[in-house]
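Written below as structure tokens is the structure these notes are about.
The values are calculated or read from the model by the stated rules, or taken from the named source; none is laboratory data. Nothing here was measured: the structure is a model prediction, and the numbers come from that model. Please note: Cβ atoms are built from the backbone with ideal geometry, for glycine as well, and neighbour counts cover all protein chains shown. Keep in mind that these areas ignore ligands, DNA and RNA; they rest on the heavy atoms of the full protein, side chains included. Shrake-Rupley method; radii C 1.70, N 1.55, O 1.52, S 1.80 Å.
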Amino acid sequence: DVKVTQSSRYLVKRTGEKVFLECVQDMDHENMFWYRQDPGLGLRLIYFSYDVKMKEKGDIPEGYSVSREKKERFSLILESASTNQTSMYLCASSLMGRPPYYNEQFFGPGTRLTVL
Amino acid sequence: AQSVTQLDSQVPVFEEAPVELRCNYSSSVSVYLFWYVQYPNQGLQLLLKYLSGSTLVKGINGFEAEFNKSQTSFHLRKPSVHISDTAEYFCAVRVTVGGNKLTFGTGTQLKVEL
């Protein structure tokens, strides 16, 4: 069964703290993604990775960085958390889809981060 | 760049009534289209997708959607909803060539009432 897991369901941090959000997939997928979800804004892509040690900026990368040292694990890092980073963070993974094929993105359950 | 518009942020409906959730997209190149569902406190799950071929696409849980290229729409429908369909629904697009990224709409909260 397909599985994407995220290290925490709920997380509370203080302004200025360094925050790590971890995502692990067990499907040997090449692609991994980090999104943030906010009411009225839908899902917005922060970063994605198409291979180990490879990363690309998404639509809203400011204030975030990522790390992918192993194929199955993709970490999102908030170097200095701020209150405007309070949000739901969703991780997803997919196989590398070469045209004309599409490969579905599978999502984790999300981490609800509150920055005080 | 592509974009997705879901004009209805909330849709209340009574159980066993039909429902339509609207999605319009904008893109200068050909796209794939998707509907995802998010049940409370869960991640997103693929409901259905349009890649090519028949413009009427059937998905899980009795949902279907129709791709209308001239109107750039991909509306989601179900003839008779159930309480368990209460969830948030997201429409998304992806370019057919040269990308792995999905662009999501802002979501529609479907609330099914007795």
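Available extension along the chain between B:Ile60 and B:Gln45 is 4.4 nm, counting 0.36 nm per residue and deducting the alpha carbon span.
The Rg/Rh ratio for region A:4-109, using Cα coordinates for both the radius of gyration and the Kirkwood hydrodynamic radius, is 0.96. Per residue, the solvent-accessible area of chain B (1.4 Å probe, heavy atoms of protein chains only, all protein chains present) comes to 48 Å². Cross-link reach is defined here as a Cα-Cα straight distance under 15 Å, omitting same-chain residues fewer than 8 places apart; for A:Lys55 the aspartates and glutamates meeting it are A:Glu30, A:Glu69, A:Glu72. Summing both sides, the accessible surface hidden between A and B at a 1.4 Å probe radius is close to 1800 Å². Rolled with a 1.4 Å probe across the full set of protein chains, the surface gives B:Phe14 an accessible area near 130 Å².
Each of A:Ser82, A:Val24, A:Leu95 was scored by the projection of its Cα onto the charge dipole of region A:4-109, and the greatest displacement toward the positive side belongs to A:Ser82; charges sit on the C-beta of Lys, Arg, Asp and Glu.
Of all beta bridges that DSSP places with both ends in chain A, some 90 percent have antiparallel geometry.
Here region A:4-109 is assigned +1 on the Cβ of each Lys and Arg and -1 on the Cβ of each Asp and Glu. Its dipole about the Cα centre then comes out at about 220 debye.
Once the 1.4 Å probe is applied to the protein heavy atoms, chain A comes out at 50 Å² accessible per residue. Modelled this way, with points 7 Å down the Cα-to-C-beta line, the labels at B:Ala17 and A:Arg44 are 3.3 nm from one another.
Of the cross-linked pairs B:Lys49/B:Lys101; B:Lys69/B:Lys101; B:Lys58/B:Lys101; A:Lys70/B:Lys101; B:Lys49/B:Lys69, those separated by over 18 Å at the C-alpha level are B:Lys69/B:Lys101; B:Lys58/B:Lys101; A:Lys70/B:Lys101.
A convex hull fitted to the Cα coordinates of the protein assembly as shown yields 123 cubic angstrom per residue.
Please arrange A:Glu69, A:Glu30 by accessible surface area, largest first, computed with a 1.4 Å probe and ligands excluded.
Largest accessible area first, the residues go A:Glu69, A:Glu30.
The fraction of Cα-Cα pairs per 10 angstrom bin, counted from 0 for chain B, comes to 15, 49, 29, 6, 0 percent, rounded to whole percents.
A Cβ-based charge dipole, computed about the Cα centre of region B:14-73 with Lys and Arg at +1 and Asp and Glu at -1, lands at about 300 debye. If you roll a 1.4 Å probe over the protein assembly as shown with all protein chains in place, what percent of the accessible area is carbon or sulfur? The value for the protein assembly as shown is 51 percent carbon and sulfur by accessible area.
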